[in-house]
Amino acid sequence: MSASSLKDQAVIAGIGQTEFSKESGRSELQLAAEASLAAIRDAGLTPADIDGMVTFTLDSTDELLLMTCLGIPELRYWSRTPHGGNGAHTTVQHAAMAVNSGCAKAVLIYRAFNERSGRRFGQPNAQAPPLGWNWYMPFGLDTPAKIYALAFQRYMHVYGLSNEDFGRYSVVARRHAATNPGAWFYQRPITLEDHQASRWIVEPILRLLDCCQESDGGVALVVTPAERAPDLPHPAARIAAVADAQLVNGSVLFNYYHGDLAEFHETRFLARQMYEMSGLGPDDIDVAMIYENFSPVVFLQLEALGFCGPGEARDFIADGNIDLGGRLPVNTNGGLLGEAYIHGMNNITEAVRQIRGTAANQVDGAEHVMCAGGRSGLILGKP
Amino acid sequence: MPRLIPPAPGPDDQYFWDGVREHKLLLQRCSDCGLLRQPPSPMCQGCHSLSWDTQPASGRGTVHCWIVSHHPTEPDAVPRIVALIDLEEGVRFVANLSGIEAERVRNEMSVELCFAEIDGVTLPQFAPAREESS
């Protein structure tokens with residue numbers, strides 16, 4: 001099977017979400033059900049049309065309980081994708097493969113959690129560390145901020161960046177969130193001075209305002225074959241490319257073993273696959289949604305995705321290229337720093353809105369929108 | 001919450017923590033092709049052999065990158081420097097730097113192995129190489 005076999009075969013037909021908050025006040029199952037029903041209705045379908053489901057291995061909502069909530073009578077396909085938000089787009093790959101192969105006709109993708117009011121990802125895990133964490137936890141790499149910052153320090157060293165350089169991304173993200181009514185930080189922009197005054201999380205790499213939010217909420221998507229596009233109530237978001245990218249000796253959290261860590265090696269592999277499958281290049285992309293658990297990873301991904309050269313992301317961002325009206329608006333919803341942290345899935349709904357022309361911060365004439373999460377990604381196009 | 005999250009050794013890394021208690025940093029080595037593996041794994045990715053032994057590391061290496069780790073919930077706990085060490089054998093290893101203030105840490109600086117007892121757990125650490133610290 002060739003790498004291009006998924007090109008243009010499936011569409012994102014529907015999107016749905018709950019509000020994004022710090023305390024949802026209801027169960028994760030309920031969040032999943034609310035977001036899912038919204039996505040199904042948005043696609044012009046009913047629960048009876050859904051016959052496939054995909055979510056994260058980390059999601060707490062059981063597929064059968066969700067079927068019961070929604071009244072989905074029969075399910076023919078289900079799968080889960082490993083690890084966290086780095087693999088957000090892999091859910092779409094699974095769904096596209098399922099509808100392309102005929103395994104399913106309409107696949108519901110969901111991700112819902114109380115990640116602020118429940119178990120907080122940003123805090124150390126008090127449980128026994130999983131297999132393979134002995135090499136890190138005893139030495140004090142006990143939070144995601146520290147685990148990722150260790151590699152970011154190498155990037156700062158090789159290209160001579162300071163924390164203030166990272167702050168320029170945070171300012172852009174919060175500016176985009178400030179004009180997005182769906183964002184937690186709606187109408188709350190920050191200045192670079194605010195960023196520099198926020199407390200250190202990992203000195204001298206990450207301040208508080210370099211870190212994504214912890215959020216409660218749910219997001220859902222519905223994927224159907226491309227043939228259904230003409231019947232949909234909203235313009236379909238054509239999946240021009242979707243890919244997953246893992247490398248030998250890699251690790252989602254402790255990715256310390258690929259030569260010089262000033263480069264995101266998996267993202268280079270991801271970019272190669274997405275451009276090959278879609279037949280597009282970096283110059284064809286009008287909007288980029290870039291998963292950012294922490295601000296420096298935007299820099300590493302902009303370079304690895306070919307939007308600028310190695311070490312050039314600092315100037316690319318400082319020169320306004322990622323702003324609304326810039327060469328490549330990035331994270332137009334405010335991203336995971338500004339809108340919410342729904343494990344990257346809220347960046348996919350924003351990509352769909354950009355294709356439909358309905359985003360709060362709409363980029364005029366957006367033809368191709370990329371979503372990248374370091375190790376998985378997709379390119380959406382107009383139908 | 002304890003200051004230190006202790007290791008929980010399993011079948012694939014018990015040898016390492018046994019070695020650390022004797023103040024040795026043991027690298028897993030394929031018995032058939034000699035490839036060193038850190039972190040260890042039960043199969044050699046080069047030749048697929050399941051046979052392995054260990055080789056004590058020389059203890060000499062350089063700092064690839066580093067951070068200062070403050071305890072997330074105990075602000076008064078002494079911060080630790082966490083570094084990714086390129087060992088001269090060609091493998092990488094995460095450990096703490098000791099005997100140096102954060103302001104003096106430099107990428108690529110030469111370091112050498114030492115050991116520390118923290119909360120009753122023996123851990124490998126690295127200090128500035130003697131020629132570097134003098």
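Of A:Q196, A:Q153, which residue is among the polar types (S, T, N, Q), in contact with a strand residue (DSSP E or B) (Cβ under 8 Å, 6 or more places away or on another chain) and within 14 Å of chain B (Cβ to nearest Cβ)? Working first, answer last.
Values: A:Q196 fails: within 14 Å of chain B (Cβ to nearest Cβ).
Of the residues listed, the single one that is among the polar types (S, T, N, Q), in contact with a strand residue (DSSP E or B) (Cβ under 8 Å, 6 or more places away or on another chain) and within 14 Å of chain B (Cβ to nearest Cβ) is A:Q153.
Tally up the residues in the stretch A:55-65 that are without any contact (Cβ under 8 Å) to a residue 60 or more places away in the chain and either surrounded by 24 or more Cβ atoms within 10 Å (Cβ to Cβ) or in a helix (DSSP H, G or I) (or both), please.
Number satisfying all stated conditions: 5.
Out of curiosity, is A:M137 buried (at least 18 other Cβ atoms within 10 Å of the Cβ), modelled with pLDDT under 95 and over 20 Å from A:M345 (Cα atoms)? Don't jump to the end; show me each part of the working.
Working: buried (at least 18 other Cβ atoms within 10 Å of the Cβ): yes; modelled with pLDDT under 95: yes; over 20 Å from A:M345 (Cα atoms): yes.
Taking the combined requirement at face value, the residue satisfies it.
Considering (1) surrounded by fewer than 21 Cβ atoms within 10 Å (Cβ to Cβ); (2) modelled with pLDDT of 95 or more, say which one B:Q28 fails and leave the rest.
(1)
Quick check on A:R76: is it surrounded by fewer than 23 Cβ atoms within 10 Å (Cβ to Cβ) and touching a Cys at 6+ places or on another chain (Cβ under 7 Å)? Walk me through how you get there before you give the answer.
Working: surrounded by fewer than 23 Cβ atoms within 10 Å (Cβ to Cβ): yes; touching a Cys at 6+ places or on another chain (Cβ under 7 Å): yes.
In short, yes.
Evaluate the stretch A:172-179: report whether one residue or more is in a helix (DSSP H, G or I) and within 14 Å of chain B (Cβ to nearest Cβ).
Let us first name the residues in the stretch A:172-179 that are in a helix (DSSP H, G or I), namely A:172-178.
Retained after the next criterion (residues that are within 14 Å of chain B (Cβ to nearest Cβ)): none.
No, the conditions are met nowhere in the stretch A:172-179.
Within the stretch A:260-315, which residues are under 23 Å from A:V202 (Cα atoms) and either touching an Asp or Glu at 6+ places or on another chain (Cβ under 6 Å) or modelled with pLDDT under 95 (or both)?
A:D260, A:F294, A:S295, A:V298, A:A313, A:R314
Quickly run through the stretch B:90-108 and pick out the residues that are crowded, with 16+ Cβ neighbours inside 10 Å and either aliphatic (A, V, I, L, M) or more than 9 Å from chain A (Cβ to nearest Cβ) (or both).
Once the filter is applied, which keeps residues that are crowded, with 16+ Cβ neighbours inside 10 Å and either aliphatic (A, V, I, L, M) or more than 9 Å from chain A (Cβ to nearest Cβ) (or both), the stretch B:90-108 yields B:V91, B:V94, B:A95, B:L97, B:S98, B:I100, B:V105.
Name the single residue, out of those in the stretch A:104-120 being away from chain B (no Cβ under 14 Å), assigned to a loop (DSSP other than H, G, I, E, B) and out of contact with any strand residue (DSSP E or B) (no Cβ under 6 Å at 6 or more places or on another chain), that is modelled with the lowest pLDDT. If you could, list the steps in order and put the result at the bottom.
Our first condition is that a residue be away from chain B (no Cβ under 14 Å); within the stretch A:104-120, this holds for A:104-119.
Then drop every residue that is not assigned to a loop (DSSP other than H, G, I, E, B), which leaves A:104-106, A:115-119.
After this cut, where a residue has to be out of contact with any strand residue (DSSP E or B) (no Cβ under 6 Å at 6 or more places or on another chain) as well, the list is A:105, A:115, A:118-119.
Numbers: A:K105: 98, A:E115: 93, A:G118: 91, A:R119: 86.
It comes out as A:R119.
Give me a count of the residues in the stretch A:91-102 that are surrounded by fewer than 23 Cβ atoms within 10 Å (Cβ to Cβ), under 16 Å from A:R228 (Cβ atoms) and in contact with a helix residue (DSSP H, G or I) (Cβ under 9 Å, 6 or more places away or on another chain).
1
Which one of these does A:Q123 not meet: (1) assigned to a helix (DSSP H, G or I); (2) within 8 Å of chain B (Cβ to nearest Cβ); (3) in contact (Cβ under 8 Å) with a residue 12 or more places away in the chain?
Here A:Q123 meets the rest and fails (1).
Here's a check for you: in the stretch A:255-280, which residue that is of a type in the set (D, E, K, R) and assigned to a loop (DSSP other than H, G, I, E, B) is nearest to the chain's Cα centre (by Cα)? Don't jump to the end; show me each part of the working.
Taking the stretch A:255-280 first, the residues of a type in the set (D, E, K, R) are A:260, A:263, A:266, A:268, A:272, A:276.
If we keep only those that are assigned to a loop (DSSP other than H, G, I, E, B) as well, we get A:260, A:263.
On the way: A:D260: 25, A:E263: 20 Å.
Filtering first and then ranking leaves A:E263.
If only one of A:A48, A:A13 is at pLDDT 95 or above, on the phi < 0 side of the Ramachandran plot and touching a strand residue (DSSP E or B) at 6+ places or on another chain (Cβ under 9 Å), which one is it? Break it down stepwise before answering.
Working: A:A48 fails: touching a strand residue (DSSP E or B) at 6+ places or on another chain (Cβ under 9 Å).
None of the others qualify; the one that does is A:A13.
Among the residues of the stretch B:32-84, what is the count of those that are surrounded by 14 or more Cβ atoms within 10 Å (Cβ to Cβ), within 13 Å of chain A (Cβ to nearest Cβ) and in contact with a Pro (Cβ under 9 Å, 6 or more places away or on another chain)?
Residues in the stretch B:32-84 being surrounded by 14 or more Cβ atoms within 10 Å (Cβ to Cβ), within 13 Å of chain A (Cβ to nearest Cβ) and in contact with a Pro (Cβ under 9 Å, 6 or more places away or on another chain): 6 in total.
Checking A:E203 against (1) charged (D, E, K, R); (2) modelled with pLDDT of 95 or more; (3) touching a strand residue (DSSP E or B) at 6+ places or on another chain (Cβ under 6 Å), which single condition isn't satisfied?
The number of the failed condition is (2).
Regarding A:A351, is this residue small (G, A, S) and assigned to a helix (DSSP H, G or I)?
Working: small (G, A, S): yes; assigned to a helix (DSSP H, G or I): yes.
Yes; evaluated as a whole, the condition is true for this residue.
Could you check how many residues of the stretch A:206-245 are of a type in the set (S, T, N, Q) and out of contact with any strand residue (DSSP E or B) (no Cβ under 9 Å at 6 or more places or on another chain)? Lay out the reasoning, then the answer.
Going through the stretch A:206-245, the residues of a type in the set (S, T, N, Q) turn out to be A:213, A:215, A:224.
Next, from what is left, pick out any that are out of contact with any strand residue (DSSP E or B) (no Cβ under 9 Å at 6 or more places or on another chain): A:213.
Counting residues in the stretch A:206-245 that are of a type in the set (S, T, N, Q) and out of contact with any strand residue (DSSP E or B) (no Cβ under 9 Å at 6 or more places or on another chain) gives 1.
Is it the case that the stretch A:234-247 has a residue that's within 14 Å of chain B (Cβ to nearest Cβ) and over 19 Å from the mean Cα position of the chain (by Cα)?
Scanning the stretch A:234-247 turns up at least one residue that is within 14 Å of chain B (Cβ to nearest Cβ) and over 19 Å from the mean Cα position of the chain (by Cα).
Taking only the stretch A:150-189 into account, find how many residues are under 15 Å from A:E292 (Cβ atoms) and of a type in the set (G, A, S).
Qualifying residue count for the region: 6.
Kindly list the number of the only condition in (1) free of Cβ contacts under 8 Å to residues at least 40 places away in the same chain; (2) surrounded by fewer than 24 Cβ atoms within 10 Å (Cβ to Cβ) that fails for A:N361.
(1)
Identify, by number, the condition in (1) in contact with a strand residue (DSSP E or B) (Cβ under 9 Å, 6 or more places away or on another chain); (2) within 14 Å of another protein chain (Cβ to nearest Cβ); (3) touching a residue at least 12 places away in the same chain (Cβ under 8 Å); (4) of a type outside the set (D, E) that A:G140 doesn't meet.
Only one criterion in (1) in contact with a strand residue (DSSP E or B) (Cβ under 9 Å, 6 or more places away or on another chain); (2) within 14 Å of another protein chain (Cβ to nearest Cβ); (3) touching a residue at least 12 places away in the same chain (Cβ under 8 Å); (4) of a type outside the set (D, E) is unmet by A:G140, namely (3).
The values are calculated or read from the model by the stated rules, or taken from the named source; none is laboratory data. The structure presented is a predicted model; accordingly, all values stated were derived computationally and were not measured. All Cβ positions, glycine included, derive from the backbone under ideal geometry; neighbour counts span all protein chains shown.
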